[in-house]
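A.B. asks: Have a look at this one.
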Amino acid sequence: MEYLKYCQTYIKGTGLASNSSLFRNILAKYFFLPPCFLIIAFSIHELWDTNNNDVSLVTEVLECVASYTQLIIRKYIVFTQSDLMVEIINDCGKLWPFDMFGSELGKKFKQQMKTCWTLVKFLVVCGFATFFLMCISARAAERDNSLPFLCWVPDFPYATELLFFLQFMLLLELLYYVLATDAFYILICMDIQIQFEMMGKMLKSIKFGEISEKECWDKLVELAKQHDRMLHQKLNQVYSKYYVVQYFMTVGSMTVQAYNLKYRMVNIQTALKSIVYTFSLMFQCGYYFFPASNIEIEAENFSTEIYFLNWQNIGNIKIRKHILFMLMKSQENLAMMGEGMVHVNRNECLMMFRLAFTIATLLDGLNQV
């Protein structure tokens with residue numbers, strides 16, 4: 001709960017949550033939000049204004065749109081789902097404590113939560129390094145404007161400097177939203193996974209014939225209640241739209257970086273930027289898709305463990321019916337879905353990278369036509 005409280009503080013600090021202060025709310029809506037759309041519009045206008053079929057220009061515009069869309073969708077999540085996110089954090093306090101089966105196992109579970117928080121901070125560091133390299137490579141690049149992301153520059157004094165500042169400021173804001181939304185997601189997924197592990201441990205402790213039927217019944221009832229308290233449906237509701245955006249934006253961004261590295265003559269700064277940017281994308285995509293896949297695996301393991309209970313030899317009809325009910329209940333699909341279109345698991349994650357490299361190859365073919 002300690003790390004989830006940090007997330008709750010970050011969510012409130014965005015200014016878009018329902019419990020944010022008025023000052024932060026005004027700042028978020030009228031100071032930080034408009035530049036996001038402005039930079040995306042300027043980037044698309046640059047492509048429209050040049051009016052050519054240069055694939056490299058298209059890829060740079062796509063990189064800009066994908067990056068700032070990542071920020072906008074996170075703002076949308078906090079703005080529309082902040083109450084539900086706080087409710088999920090409060091519901092986590094009603095789940096089983098980590099030290100329920102002993103302090104040693106509790107320390108292991110707490111370490112897993114700490115590792116998740118460390119991974120998020122590592123992503124933030126990687127993100128900052130990527131943005132810094134983007135700024136350095138942009139200043140060193142020989143092109144009309146030295147901006148991290150290509151966009152149209154209005155014809156007035158210090159327009160380039162102003163856009164450079166806005167782009168860098170919004171990229172830093174994206175890192176803040178990573179701590180608010182991404183950390184929340186990975187911590188909740190890990191908590192659900194841990195709860196399923198503990199449920200499996202309690203299930204194995206039910207030994208008919210060795211302990212009393214009353215004790216077996218009490219444990220079975222508690223397991224059924226705990227299964228109903230799992231938070232995957234609420235979590236899926238929060239991130240359903242994000243999964244879809246994440247899928248297409250990751251494919252688009254990976255396509256750009258694969259195309260730059262494999263088919264374009266780039267300098268060392270651009271190549272290094274693309275490598276770090278690609279690594280950050282892979283890491284970010286992995287910790288959205290892999291934790292969801294881990295929940296599915298733990299849920300399937302729990303369902304399998306129910307089959308190994310020697311309930312067939314129990315004379316108590318109530319217990320036998322309850323176990324059959326648990327078997328049916330455990331067959332419910334716990335898969336995370338993006339608007340019913342994207343199945344969030346590790347196989348889909350790997351397919352995204354394969355799709356990105358395929359599209360990059362097609363873009364190279366188009367550029368040679």
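A.B. asks: Taking only pairs six or more apart or across chains, which ones have beta-carbon atoms under 6 Å, a first residue in region 278-289 that is under 21 Å from residue 112 (Cβ atoms), and a second residue that is aliphatic (A, V, I, L, M) and assigned to a helix (DSSP H, G or I)?
C.D. replies: Pairs that qualify, where the first residue is under 21 Å from residue 112 (Cβ atoms) and the partner is aliphatic (A, V, I, L, M) and assigned to a helix (DSSP H, G or I), are 283/123; 287/186.
A.B. asks: Hey, does region 345-366 have a residue that's of a type in the set (Asp, Glu) and closer than 30 Å to residue 139 by Cβ? Working first, answer last.
C.D. replies: Start the filter on region 345-366 by keeping residues that are of a type in the set (Asp, Glu), which leaves 348, 364.
If we keep only those that are closer than 30 Å to residue 139 by Cβ too, we end up with 364.
Taking every residue of region 345-366 in turn, at least one turns out to be of a type in the set (Asp, Glu) and closer than 30 Å to residue 139 by Cβ.
A.B. asks: So how many residues does region 9-47 have that are assigned to a helix (DSSP H, G or I), at pLDDT 90 or above, of a type in the set (S, T, N, Q) and surrounded by 13 or more Cβ atoms within 10 Å (Cβ to Cβ)?
C.D. replies: Going through region 9-47 one residue at a time, the tally reaches 1.
A.B. asks: Which one is surrounded by the fewest Cβ atoms within 10 Å (Cβ to Cβ) among residues in region 299-327 that are touching a residue at least 24 places away in the same chain (Cβ under 8 Å) and in a loop (DSSP other than H, G, I, E, B)?
C.D. replies: Initial filter on region 299-327 (touching a residue at least 24 places away in the same chain (Cβ under 8 Å)): 299, 301-303, 305-306, 309-311, 313-314, 316, 318-319, 322-323, 325-327.
Restricting the remaining residues to those that are in a loop (DSSP other than H, G, I, E, B) gives 309-310, 314, 316.
Values: 309: 19, 310: 10, 314: 16, 316: 14.
Only one residue tops the list, namely 310.
Residue-wise test of (1) in a helix (DSSP H, G or I); (2) surrounded by 17 or more Cβ atoms within 10 Å (Cβ to Cβ); (3) not small (Gly, Ala, Ser).
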{"residue": "214", "(1), (2), (3)": "yes, no, yes"}
{"residue": "238", "(1), (2), (3)": "yes, yes, yes"}
{"residue": "242", "(1), (2), (3)": "yes, yes, yes"}
{"residue": "246", "(1), (2), (3)": "yes, yes, yes"}
{"residue": "257", "(1), (2), (3)": "yes, yes, yes"}
{"residue": "275", "(1), (2), (3)": "yes, no, yes"}
{"residue": "278", "(1), (2), (3)": "yes, yes, yes"}
{"residue": "293", "(1), (2), (3)": "yes, yes, no"}
{"residue": "297", "(1), (2), (3)": "yes, no, yes"}
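A.B. asks: Now for a separate question. Please verify whether residue 288 is touching a strand residue (DSSP E or B) at 6+ places or on another chain (Cβ under 8 Å) and buried (at least 19 other Cβ atoms within 10 Å of the Cβ), treating the condition exactly as stated. It would help to see each step written out before you state the result.
C.D. replies: Numbers: touching a strand residue (DSSP E or B) at 6+ places or on another chain (Cβ under 8 Å): yes; buried (at least 19 other Cβ atoms within 10 Å of the Cβ): yes.
Taking the combined requirement at face value, the residue satisfies it.
A.B. asks: Okay, next question. Determine whether region 74-82 contains at least one residue that is modelled with pLDDT of 90 or more, farther than 22 Å from residue 238 by Cα and among the hydroxyl-bearing types (Ser, Thr, Tyr).
C.D. replies: The initial filter retains those residues of region 74-82 that are modelled with pLDDT of 90 or more, namely 74-82.
Those still in the list that are farther than 22 Å from residue 238 by Cα too: none.
Within region 74-82 (the criterion being modelled with pLDDT of 90 or more, farther than 22 Å from residue 238 by Cα and among the hydroxyl-bearing types (Ser, Thr, Tyr)), the answer is no, since none of the residues qualifies.
A.B. asks: Just wondering, is there one or more residues in region 197-207 that are among the acidic types (Asp, Glu), farther than 16 Å from residue 336 by Cα, part of a helix (DSSP H, G or I) and modelled with pLDDT of 90 or more?
C.D. replies: Step one: filter region 197-207 for residues among the acidic types (Asp, Glu), giving 197.
Then keep just the ones that are farther than 16 Å from residue 336 by Cα; that gives 197.
Going one step further and asking which of them are part of a helix (DSSP H, G or I), we end up with 197.
Those left that are additionally modelled with pLDDT of 90 or more: 197.
Yes - at least one qualifying residue is present in region 197-207.
A.B. asks: I'd like the residue in region 25-50 that is free of Cβ contacts under 8 Å to residues at least 24 places away in the same chain and touching a helix residue (DSSP H, G or I) at 6+ places or on another chain (Cβ under 7 Å) and, out of all such residues, is farthest from residue 181 (Cα to Cα).
C.D. replies: The selected residue is 50.
The values are calculated or read from the model by the stated rules, or taken from the named source; none is laboratory data. Quick caveat: nothing in here was measured; it's all calculated off a predicted structure. Using ideal geometry, Cβ is built from the backbone for each residue, glycine included, and neighbour counts are taken over all protein chains shown.
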